[in-house]
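Enquirer: Below is a structure I'd like to ask you about.
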Amino acid sequence: MIIIMNNEVTDAQIDAVAQRLKSWGLDSNVSRGVERTVIGAIGDESKIDKELLQALPGVEQVIRVMKPYKIVARSYHKEDTVIDIKGIKLGGRQIQVIGGPCSVETQPQMDEAAKYVAAAGCRLMRGGAFKPRTSPYTFQGAGVEGLEMFRKAADRYNLPIVTELMDVRQIDAFMKYDVDVIQIGTRNMQNFDLLKEVGRLHKPVILKRGMSATISEWLMAAEYIAAGGNHDIIFCERGVRSFETYYRNMLDVTAIPVLKKETHLPVIIDPSHAGGKAWMVPALARAAVAAGADGLLVEMHPNPCEAWCDADQALNPQELVDLMGSLKGIAQAIGREL
Ligand code: PEP
Ligand code: MN
């Protein structure tokens, strides 16, 4: 950590900073320049309370040198982490497309959806049984019954299921229906109690990016899960809030190479909640694969016009087939496979 002192700093103030560092077990190196005095803290940076230092008289700025995340950092694990989901590998050479409706509606809808997801060549299926809706007057999800319908439909095609957990009180039902991948939605990225609970489970977790979260906040949210012992975490970029109103969210493709550098964990992209319109999904999905995403989370409904949730961004079954076809070539061009 580097502590920059202001230009009127006194020796007593420099001494006070050194004493404070010493109380945390760190040494200090004082470098007096013409304009500024800079103090370098030597030792275990994690022991330092940055805010306490910042509050000392004479301190202008405190800069961290070490990254605050550990387990999720690339430096902790040099190789890419490959997560095994019932034998399906996510994070390796093979790109995984997780297809399915926004929400679980009825058994026939899920049966149809599962049939089309499998037929298109997707190896995992998505569907929300508990839905985080902006309005309390819209469909809130089929709940536990939805988990049952989802499990039944997906099992027929051996598709592992991905579904959103909104509250710790739903965990027992998630275990009962053996949900294969737990999704933490954008609105819960910093629900730290929820993150701690999924950190205790032995289930892969898709951690969606908060709609206005920085990459560092996102990595720290993942660290919460990892710190509990669950290291099977998949980052999912789904677009961030921006000034633009033409589309639902702005897909941050730049986040893919940044995360690949900062973490060893897999990164997937949700082009559906980014664009918010079905016609944008193929272009965004292709950009994501080209930029190095390990997978995609794509909404597909057997009959989008009838969807109870996010109807305008759902692909129809044929559009999913076409998308898979167009992604194949891109995957090959960058040395991967679909
Ligand atoms: C979803 O994937 O169903 C969802 C609600 O997404 P997000 O949390 O990204 O809005
Ligand atoms: Mn949706």
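Enquirer: Pairs please, first residue from segment 309-326 and open to solvent by 10 Å² or more (accessible area, probe 1.4 Å), second anywhere and part of a loop (DSSP other than H, G, I, E, B) and away from ligand 1 (no atom under 16 Å from the Cβ), Cβ atoms under 7 Å, 6+ apart in sequence or on different chains.
Expert: If the second residue must be part of a loop (DSSP other than H, G, I, E, B) and away from ligand 1 (no atom under 16 Å from the Cβ), the pairs left are Pro317/Pro302; Met324/Gly121; Met324/Leu338.
Enquirer: While we're here: Can you tell me how many residues in segment 94-108 are within 20 Å of Ile269 (Cα to Cα) and touching a helix residue (DSSP H, G or I) at 6+ places or on another chain (Cβ under 9 Å)? Lay out the reasoning, then the answer.
Expert: First, the residues of segment 94-108 that are within 20 Å of Ile269 (Cα to Cα): 94-103.
Next cut, touching a helix residue (DSSP H, G or I) at 6+ places or on another chain (Cβ under 9 Å) only: 94-95, 97-103.
Counting residues in segment 94-108 that are within 20 Å of Ile269 (Cα to Cα) and touching a helix residue (DSSP H, G or I) at 6+ places or on another chain (Cβ under 9 Å) gives 9.
Enquirer: Between Ile234, Ile268, which is of a type in the set (Val, Ile, Thr), more than 16 Å from ligand 2 (Cβ to nearest atom) and within 29 Å of Met66 (Cβ to Cβ)? Working first, answer last.
Expert: Working: Ile268 fails: more than 16 Å from ligand 2 (Cβ to nearest atom).
Ile234 is the lone residue from the list that is of a type in the set (Val, Ile, Thr), more than 16 Å from ligand 2 (Cβ to nearest atom) and within 29 Å of Met66 (Cβ to Cβ).
Enquirer: Collect the residues in segment 91-131 that are of a type in the set (Phe, Trp, Tyr) and either away from ligand 2 (no atom under 14 Å from the Cβ) or touching a residue at least 60 places away in the same chain (Cβ under 8 Å) (or both), keeping them in residue-number order.
Expert: Tyr116
Enquirer: Any residue at all in segment 269-277 that's surrounded by fewer than 20 Cβ atoms within 10 Å (Cβ to Cβ) and modelled with pLDDT of 95 or more? Before you say what the answer is, go through the steps one by one.
Expert: First, pick out the residues of segment 269-277 that are surrounded by fewer than 20 Cβ atoms within 10 Å (Cβ to Cβ): 276-277.
Keeping just the survivors that are modelled with pLDDT of 95 or more gives 276-277.
Scanning segment 269-277, I find at least one residue that is surrounded by fewer than 20 Cβ atoms within 10 Å (Cβ to Cβ) and modelled with pLDDT of 95 or more, so the answer is yes.
Enquirer: Just give me the residues in segment 209-243 being touching a residue at least 60 places away in the same chain (Cβ under 8 Å) and either part of a loop (DSSP other than H, G, I, E, B) or open to solvent by 10 Å² or more (accessible area, probe 1.4 Å) (or both), in sequence order.
Expert: Our first condition is that a residue be touching a residue at least 60 places away in the same chain (Cβ under 8 Å); within segment 209-243, this holds for 216, 219-220, 222-223, 226-227, 231-234, 236.
Selection gives Ser216, Met220, Glu223, Ala227, His231, Asp232.
Enquirer: Among the residues in segment 166-175, are any surrounded by fewer than 22 Cβ atoms within 10 Å (Cβ to Cβ), within 16 Å of ligand 2 (Cβ to nearest atom) and in contact (Cβ under 8 Å) with a residue 24 or more places away in the chain?
Expert: yes
Enquirer: Based on what the data block shows, is Pro266 under 30 Å from Gly329 (Cβ atoms), away from ligand 1 (no atom under 16 Å from the Cβ) and open to solvent by less than 40 Å² (accessible area, probe 1.4 Å)?
Expert: yes
Enquirer: If you check Asp111, Asp80, which single one turns out to be over 25 Å from Phe235 (Cα atoms) and either away from ligand 1 (no atom under 16 Å from the Cβ) or in contact with a helix residue (DSSP H, G or I) (Cβ under 6 Å, 6 or more places away or on another chain) (or both)?
Expert: Details: Asp80 fails: over 25 Å from Phe235 (Cα atoms).
Step by step, each of Asp111, Asp80 is checked, and only Asp111 is over 25 Å from Phe235 (Cα atoms) and either away from ligand 1 (no atom under 16 Å from the Cβ) or in contact with a helix residue (DSSP H, G or I) (Cβ under 6 Å, 6 or more places away or on another chain) (or both).
Enquirer: Still on this structure, please answer the following. Of the residues Gly33, Gly25, which single one is free of Cβ contacts under 8 Å to residues at least 24 places away in the same chain and touching a Gly at 6+ places or on another chain (Cβ under 7 Å)? Talk me through it step by step, then tell me what you get.
Expert: Numbers: Gly33 fails: touching a Gly at 6+ places or on another chain (Cβ under 7 Å).
Result of the check over Gly33, Gly25: Gly25.
Enquirer: Filter segment 134-143 down to residues that are open to solvent by less than 70 Å² (accessible area, probe 1.4 Å) and either outside the structural domain of Ala113 (by TED's automatic domain parsing) or of a type outside the set (Phe, Trp, Tyr) (or both) and give me whichever is farthest from ligand 2 (Cβ to nearest atom).
Expert: Gly143
Enquirer: So which of Glu112, Glu105, Glu79 ends up being surrounded by 15 or more Cβ atoms within 10 Å (Cβ to Cβ) and part of a loop (DSSP other than H, G, I, E, B)? Even if it seems obvious, please write down each step before you answer.
Expert: Numbers: Glu112 fails: part of a loop (DSSP other than H, G, I, E, B); Glu79 fails: surrounded by 15 or more Cβ atoms within 10 Å (Cβ to Cβ).
When all the criteria are applied, what remains is Glu105.
Enquirer: Now for a different question. In segment 195-206, how many are part of a helix (DSSP H, G or I) and surrounded by fewer than 22 Cβ atoms within 10 Å (Cβ to Cβ)? Reasoning before the result, please.
Expert: Applying the first criterion (part of a helix (DSSP H, G or I)) to segment 195-206 yields 195-199.
Narrowing the set further to residues that are surrounded by fewer than 22 Cβ atoms within 10 Å (Cβ to Cβ) leaves 196-197, 199.
Total satisfying the criteria: 3.
Enquirer: Please indicate, with yes or no, whether at least one residue in segment 28-40 is part of a loop (DSSP other than H, G, I, E, B) and either closer than 28 Å to Gly228 by Cα or of a type in the set (S, T, N, Q) (or both). Please lay out each step first, then the result.
Expert: First, pick out the residues of segment 28-40 that are part of a loop (DSSP other than H, G, I, E, B): 33-36.
Subset that is either closer than 28 Å to Gly228 by Cα or of a type in the set (S, T, N, Q) (or both): none.
Scanning segment 28-40, I find no residue that is part of a loop (DSSP other than H, G, I, E, B) and either closer than 28 Å to Gly228 by Cα or of a type in the set (S, T, N, Q) (or both), so the answer is no.
The values are calculated or read from the model by the stated rules, or taken from the named source; none is laboratory data. Note that the structure is predicted; figures quoted are calculated from it, not measured. Neighbour counts are summed over all protein chains in view; Cβ atoms, including those assigned to glycine, are modelled from backbone coordinates with ideal geometry. For accessibility, only protein heavy atoms count, side chains too; no ligands or nucleic acids. Shrake-Rupley method; radii C 1.70, N 1.55, O 1.52, S 1.80 Å.
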